[in-house]
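Let me begin by presenting the structure, written as structure tokens, before commenting on it.
Derivation of every value follows stated rules applied to the coordinates shown; laboratory data play no part. Computed from a predicted structure; not experimentally measured. A quick note on method: Cβ atoms are made from the backbone with ideal geometry, for glycine too, and the neighbour counts reach across all protein chains shown.
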Amino acid sequence: MLAAVRETATTLESPLLLARIEELSRVAHRHGSFDEPWRPLSSREFEVARCIAAGMTNGEIAGELAIAPKTASAHVGHILAKLGVSRRAEIATWVANIALPTTAPAKADPAVLSHR
């Protein structure tokens, strides 16, 4: 099944889907885990991504995380590449989606449905 999905992802030229397939393959062969919701980023890159989502500049990220501004810039570049995106806003959107709690869908209110 992974081979079929990999073929489709290759046809679609989807780096995010290809990365996810590789992760699933590693997990299937006991070389990975689902414990970290920020995959494919490292934990440090996820910290940087959260700072980006908070609207911080590279200089502000450097100050917040006690790293050099060039290091912050390098992390941003790695994050963009790993997520297959081209803008900081897309990183922020990814962080917002990864941080959302997974909850069951709310049941429809019968009173609301009767008015449709």
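Numerical summary
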quantity	calculated
Point-to-point label distance, A54-A4, nm (Cα→Cβ direction, 7 Å offset)	4.5
Rough spin-label spacing in nm, given labels placed 7 Å along Cα→Cβ, for R39 and L12	1.8
Footprinting exposure proxy for E22, E13 (fewest neighbouring C-beta atoms within 10 Å first)	E13, E22
Where labels lie 7 Å past Cα in the beta-carbon direction, separation of S86 and S25 in nm	2.7
